[in-house]
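The values are calculated or read from the model by the stated rules, or taken from the named source; none is laboratory data. Because the structure is predicted, anything quoted here is derived from the model rather than measured. Cβ sites come from the backbone with ideal geometry, for glycine too, and all protein chains shown count toward neighbours.
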């Protein structure tokens, strides 16, 4: 029976992914810990729950293993766009309400 490390090394070789800390951009077993943290966060799992599962006792350690990537940045910009659309809609509604109220007074 293979060790997990040997199986990961073989899988990386089959996928043509550099493996090991000595290889340039080499993938290691430890990288899975970073991936787990990041994917749990992206799935919406509460940070306190992720910290409990991974054994991180400080926010600093959680942040070290959490990766913010391009996908996160794009999602953040999209969320900001939706926010501004809602603000614009609310301003238009408030403006229309104010005009209607003024017409009723005169």
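Worth pointing out:
- Residue match in the range 69-82 (condition: assigned to a loop (DSSP other than H, G, I, E, B) and at pLDDT 90 or above): yes
- Of the residues contained in the range 13-22, one or more are found to be in a helix (DSSP H, G or I) and in contact with a strand residue (DSSP E or B) (Cβ under 8 Å, 6 or more places away or on another chain).
- Of all residues in the range 21-40 being touching a helix residue (DSSP H, G or I) at 6+ places or on another chain (Cβ under 6 Å) and farther than 13 Å from residue 54 by Cα, the one that is surrounded by the most Cβ atoms within 10 Å (Cβ to Cβ): 27
- Of all residues making up the range 57-67, the number that are touching a residue at least 12 places away in the same chain (Cβ under 8 Å) and either outside any helix (DSSP H, G or I) or touching a strand residue (DSSP E or B) at 6+ places or on another chain (Cβ under 6 Å) (or both): 2
- Test: residue in the range 2-9 that is over 19 Å from the mean Cα position of the chain (by Cα), part of a loop (DSSP other than H, G, I, E, B) and either surrounded by 13 or more Cβ atoms within 10 Å (Cβ to Cβ) or in contact (Cβ under 8 Å) with a residue 40 or more places away in the chain (or both): no
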